[in-house]
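Just below is one structure, and these are the notes that go with it.
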Amino acid sequence: MKRYCLQCDDSTELVHEKRDITISYNGKFEIVSNIDGWHCPICGECEFTNEADSRRHMDTLNSMIESTPRIRTKRKQIITLKEIKQQAKKN
Ligand SMILES: [Zn+2]
């Protein structure tokens, strides 16, 4: 049975083989090797055929997310006592 890529248009056939998958997250790249599944030759999308490989892929992605430092959108403003005194002098 043929399978088609859901990410590309309907005419892109997936290839069933073992392949290394490159995961990119936040500018970083990790390779998960020997993933058994249906791979798209165009966009690199993969339909996993077994639980273990799917899990390896998921774990790698999760560890990449966890190792990425959280970016704070709002910076806490810390005013030192010295600065407060300086402010007071100005006024
Ligand atoms: Zn595709």
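Tallying residues that are of a type outside the set (Gly, Ala, Ser), under 22 Å from the mean Cα position of the chain (by Cα) and part of a strand (DSSP E or B) within the range 1-36 yields 15.
Scanning the range 37-49 for residues that are within 10 Å of CYS5 (Cα to Cα) and either more than 13 Å from the ligand (Cβ to nearest atom) or assigned to a strand (DSSP E or B) (or both) yields TRP38, HIS39, CYS46, GLU47. Pairing each residue of the range 36-58 that is surrounded by 13 or more Cβ atoms within 10 Å (Cβ to Cβ) with any residue that is assigned to a helix (DSSP H, G or I), provided the two are 6+ apart or on different chains, yields C-beta distances under 6 Å for ASP36/ASP53; PHE48/SER54. Just one of the numbered conditions (1) among the charged types (D, E, K, R); (2) surrounded by 10 or more Cβ atoms within 10 Å (Cβ to Cβ); (3) at pLDDT 95 or above is not true of LYS28: (3).
Taking the conditions (1) away from the ligand (no atom under 16 Å from the Cβ); (2) at pLDDT below 90 in turn, ARG56 satisfies each one other than (2).
The values are calculated or read from the model by the stated rules, or taken from the named source; none is laboratory data. As the structure is a prediction and not an experimental result, all values here were calculated from the model. Methodologically, a virtual Cβ is constructed for each residue, glycine included, from the backbone with ideal geometry; neighbour enumeration extends over all protein chains shown.
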